[in-house]
Amino acid sequence: MIRIAAVGDIHMGPDTRGVLRPAFDTLPECADLLLLAGDLTRHGTVEEALVVADEIRGLGVPVVAVLGNHDHHDDRPDEVTAVLRDAGAHVLEGEAAVLRAGGARVGVAGTKGFGGGFVGASAGEFGEPEMKEFVRLSRRCADGLRTSLERLDEEGCDVRVALTHYSPVPETLAGEPLEIYPFLGSYLLAEAIDTAGADLAVHGHAHAGTEHGMTTGGVKVRNVAQPVIGRAFHVYHLPVRERVSTGSATEATTA
């Protein structure tokens with residue numbers, strides 16, 4: 001059994017330095033890895049990223065993260081990423097990480113994702129260039145997620161997890177105003193997950209949403225935004241299925 005700790009939307013700044021560290025220090029006792037589902041900072045500044053870095057440095061379990069929209073606000077996502085990577089986190093965007101955790105090879109495919117809405121009420125690539133680019137960005141994020149999950153399948157990972165900030169399904173948005181659903185996620189992410197396959201999908205972003213959901217293809221989806229789970233992290237248990245490796249992934253590195 002793999003124990004996956006996850007949280008998103010911690011929105012850290014200088015005044016919250018050290019708030020999460022006592023809880024994070026318990027992770028080796030209860031989890032095999034930690035997933036961070038974006039919006040780790042308030043405004044995407046390097047100063048705020050350094051606070052997050054201090055919370056996750058040397059935890060004793062692997063840390064995998066994606067950025068959220070708040071982490072892009074200061075237009076310095078590359079610098080925020082570099083700070084988190086310097087602290088030991090695997091920060092993913094259209095990439096995957098293969099980790100040795102709990103005696104198994106765990107593959108995590110990650111992307112921030114983007115909006116666009118869900119089946120029956122979604123945006124299309126039509127009209128103004130700005131509208132077409134909005135949808136194309138969602139599609140590029142979903143394509144990167146699908147490709148990464150497929151790569152993890154080829155590598156023969158025992159467990160595969162999709163990590164995003166935006167939601168792949170509307171079910172975990174329940175509680176949010178319907179009018180903002182198109183800005184909280186996209187069905188394209190769920191299509192990517194169902195096409196490539198995964199054991200679990202984890203996201204944040206929807207502070208007033210609901211924890212539990214599922215894709216059409218039956219993949220469990222969990223909204224781990226901190227206001228939703230109400231704690232420093234939540235731990236999910238995934239069974240390990242024995243598989244025959246067909247690739248040569250380097251463990252604990254991005255793939």
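Quick grid of which residues meet (1) open to solvent by 50 Å² or more (accessible area, probe 1.4 Å); (2) on the phi > 0 side of the Ramachandran plot:
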position	(1), (2)
Ala23	no, no
Leu35	no, no
Gly38	no, yes
His43	yes, no
Arg57	yes, no
His70	yes, no
If I filter the stretch 169-176 for residues that are modelled with pLDDT of 95 or more, more than 16 Å from the chain's Cα centre (by Cα) and hydroxyl-bearing (Ser, Thr, Tyr), do I get at least one hit? no
Within the stretch 144-159, is even one residue open to solvent by 10 Å² or more (accessible area, probe 1.4 Å), in contact with a helix residue (DSSP H, G or I) (Cβ under 6 Å, 6 or more places away or on another chain) and assigned to a strand (DSSP E or B)? no
Looking only at the stretch 185-213, which residues are closer than 25 Å to Glu155 by Cβ and of a type in the set (A, V, I, L, M, F, W, C)? Leu188, Leu189, Ala190, Ala192, Ile193, Ala196, Ala198, Leu200, Ala201, Val202
Among (1) surrounded by fewer than 17 Cβ atoms within 10 Å (Cβ to Cβ); (2) part of a helix (DSSP H, G or I); (3) of a type outside the set (Asp, Glu), there is one condition Ala208 misses while meeting the rest; what is its number? (2)
Read through the list (1) part of a loop (DSSP other than H, G, I, E, B); (2) at pLDDT 95 or above; (3) among the β-branched types (Val, Ile, Thr); (4) in contact with a Gly (Cβ under 9 Å, 6 or more places away or on another chain), then give the number of the only condition that Thr246 fails. (2)
Tally the residues that are touching a residue at least 60 places away in the same chain (Cβ under 8 Å) and on the phi > 0 side of the Ramachandran plot, restricting the search to the stretch 197-232. 1
Looking across the stretch 97-124 at residues that are closer than 10 Å to Ser138 by Cβ and not in a strand (DSSP E or B), the single one that is most open to solvent (accessible area, probe 1.4 Å) is Phe114
Exactly one of Val64, Val19 is open to solvent by less than 10 Å² (accessible area, probe 1.4 Å), in contact with a strand residue (DSSP E or B) (Cβ under 8 Å, 6 or more places away or on another chain) and not charged (D, E, K, R), and that one is Val64
Can you report the number of residues in the stretch 160-184 which are in contact with a strand residue (DSSP E or B) (Cβ under 8 Å, 6 or more places away or on another chain), assigned to a helix (DSSP H, G or I) and hydrophobic (A, V, I, L, M, F, W, C)? 1
Would you say Leu50 is over 27 Å from Gly185 (Cα atoms), touching a helix residue (DSSP H, G or I) at 6+ places or on another chain (Cβ under 8 Å) and buried (at least 16 other Cβ atoms within 10 Å of the Cβ)? yes
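The values are calculated or read from the model by the stated rules, or taken from the named source; none is laboratory data. Computed from a predicted model, the values in this text were never measured in an experiment. Every residue, glycine as well, gets a Cβ built from its backbone with ideal geometry; the counts of neighbours run over all protein chains shown. These accessible areas exclude ligands, DNA and RNA; they are computed on the full protein's heavy atoms, side chains included. Shrake-Rupley method; radii C 1.70, N 1.55, O 1.52, S 1.80 Å.
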